[in-house]
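Here the structure comes first, spelled out in structure tokens, and everything after it is commentary.
Every number in this text was worked out from the coordinates using simple rules, so none of it is lab data. Quantities reported herein were computed from a predicted structural model and do not represent experimental measurements. Cβ sites come from the backbone with ideal geometry, for glycine too, and all protein chains shown count toward neighbours.
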């Protein structure tokens, strides 16, 4: 009798195992790793744990914490400090929230999938979550590859209840693998159990277009984006389509600009791209109906100064540059920039002029300090921008005044550790920054005009120093590469000064060999007007 019972039990076990094997054979194949990006972050998990914050450690009093859960698009690299030129949007997310009312903690880690984050990192994160907190979850970029070898991070495609028991080939560790949707549900359940608020995000967009001629960015809305949305609807939690919000911005930027939103590859963002994604995250939160997290966002700052000279129906001429464009500009015996007197050359009934240059700035620091963003945001179709840099663009890159760029006009770039801030930054060539300004202007339907920088009062053998083999050359190349107008201000003014001679030329400068007097500023402004008259630039139609 016992033998029969034993045989019967064994038969049931065999049938159960057979059914289980059949069920497992029906589990969908893992998503193919089409990205082919080498990312070894998880190989240094202990180091990563020390670099990520202790969950909840940023909390101020009883204020809530916003926890960010994601992969390398949210936090790039083990340390997340941009030392490889890549940045995740989680680094900049805190800039959009009122830190006196809520703090933002970036717990993301490059290389993680929904499966590996939930199994390895989530237990430490959820410990710090309290009632009233918020958790944004954006995972899926790495839910691909083998189930049971290598990185062994794939989740089963879809949102079903399929499971797969695996043994990791390299370690012998046994694990049950769930669907992407099930891992999302588990995150949601754990957050809700703590009395906190989960929000699902779709993935960030890649630098990928529908085809080589298309102006439409590929959406991830048939796999992980769709599945995250379906789970959010299923679980009654907010879903924000970060993929679509940023993709729509990319489509306005155009392919050339989108290129530098990424660094090294087409997935991981540069600081530029990370900031765009962080802004998109804030945009999505702000417009989501009834989402209380929006109450913790900083109000949108409105610049009421830049572009304030605009008269209805008339364009604005903006000038950007350094101290040779804008200086003290108040004492008739002091130092002046041509940007403060160039309005004298124009018919102000037809156009207004705003001098937005700043002394001491290079093309890079003008951009880094957010000065360019103000002009860019104020631009309207039909406007004009005069661009002149070069005087402060040589010297130290990451120490001292730290304002120089790489020499030349190519696409070269390099990551530097800035001594003053202790932060890493990608620095491009001088010409690259000019091309950025130019393309930004063109994107807005305005007209860029680039100028070689004003000549210095430095002479040799009766000839004034020119910049034809350096910044003048690179400025011209930037203009030619982008189809912008170019005026060789350096040559036009230098020719005038050589005719006057060394002694008389001194009256056109003040304080040193670079900064101009009021007389010198007017001379340079007239040189620009002369250059415009000889060109086919539409700005010449607004001259007196």
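Can you give the angle from 0 to 90° between the axis of helix 2-25 and the longest principal axis of the chain, with both taken from C-alpha atoms, to the nearest 10?
So the inclination is approximately 20 degrees.
Would you mind ranking 353, 502, 258 so that the residue whose beta carbon has the fewest other beta carbons within 10 Å leads the list? Kindly include the intermediate steps, with their values, before the conclusion.
On the way: 353 21, 502 12, 258 25.
If I rank by nearby Cβ atoms, fewest first, I get 502, 353, 258.
Can you give the Rg to Rh ratio of segment 102-220, both from alpha-carbon atoms, with Rh computed by the Kirkwood formula? Walk me through the numbers before you get to the answer.
Working: Rg = 16.2 Å, Rh = 15.9 Å.
With Rh from the inverse mean 1/r over Cα pairs, Rg/Rh is 1.02.
Full-extension gain between residue 443 and residue 211, please, as 0.36 nm times their residue separation minus the C-alpha to C-alpha distance.
Working: separation 232, 0.36 × 232 = 83.52 nm, distance 2.12 nm.
Result for the pair: 81.4 nm of gain on full extension.
Between residue 312 and residue 248, what is the FRET efficiency for a Förster distance of 22 Å, r being their Cβ-Cβ separation, to the nearest 0.05?
With a Förster radius of 22 Å, E is 0.15.
On the principal axes of its Cα set, how long, how wide and how thick is the chain? Give whole Å, largest value first.
Sorted from largest, the Cα extents of the chain read 122, 45, 44 Å.
Considering all projection directions equally, how large on average is the shadow of the alpha-carbon convex hull of segment 316-542, in square nanometres?
Details: hull surface 49.4 nm².
Taking the Cα atoms of segment 316-542, their convex hull projects to 12.3 nm² on average.
Give me 120, 364, 75 ranked fewest to most by other Cβ atoms within 10 Å of their Cβ, as a rough exposure proxy.
Numbers: 120 16, 364 24, 75 29.
Going from least to most buried by this count: 120, 364, 75.
On C-alpha positions alone, give me the angle between the axis of helix 271-287 and the longest principal axis of the chain, in degrees, nearest 10.
The angle comes out at about 70 degrees.
Using a Förster radius of 56 Å, what is the FRET efficiency between residue 120 and residue 507 based on their Cβ-Cβ separation? Nearest 0.05, please. Display every interim value, and only then the final one.
Values: r = 72 Å, r/R0 = 1.28.
Working from the Cβ atoms, E equals 0.20.
Determine one quarter of the surface area of the Cα convex hull of segment 181-273, which equals its mean projected area, and express it in nm² to one decimal.
Numbers: hull surface 27.4 nm².
That works out to 6.9 nm², a quarter of the Cα hull's surface.
What angle, in degrees between 0 and 90 and rounded to the nearest 10, separates the Cα long axis of helix 471-482 from the longest principal axis of the Cα atoms of the chain?
Once rounded, the angle reads 60 degrees.
What are the radius of gyration and Dmax of segment 358-444, computed over its Cα atoms and given in Å?
Computed over the Cα atoms of segment 358-444, radius of gyration and Dmax are 13.3, 41 Å.
Rounded to the nearest 500 deg cm²/dmol, what is the calculated helix-only ellipticity per residue at 222 nm for the chain, with -39500 (n - 2.57) per DSSP H run of length n ≥ 4?
Details: 16 runs with 173 residues, N = 544.
My calculation for the chain gives -9500 deg cm²/dmol from helical runs alone.
What is the packing order of peptides 427-437, 193-203, 94-104, taking the mean over residues of other C-beta atoms within 10 Å and listing the highest first?
Working: 427-437: 24.3, 193-203: 21.2, 94-104: 16.4.
For the peptides 427-437, 193-203, 94-104, the packing ranking is 427-437, 193-203, 94-104.
Using just the Cα positions, wrap segment 312-405 in a convex hull and report its mean projected area in square nanometres, one decimal place.
7.0
Most exposed first by the Cβ proxy, i.e. fewest other Cβ within 10 Å, how do 175, 405, 369, 301 rank?
Working: 175 16, 405 24, 369 12, 301 6.
So the ranking, lowest neighbour count to highest, is 301, 369, 175, 405.
How large is the Kirkwood hydrodynamic radius of segment 226-288, counting all unique pairs of alpha carbons, in Å? Working shown, then result.
Working: mean 1/r = 0.0784 Å⁻¹.
This gives a value of 12.7 Å.
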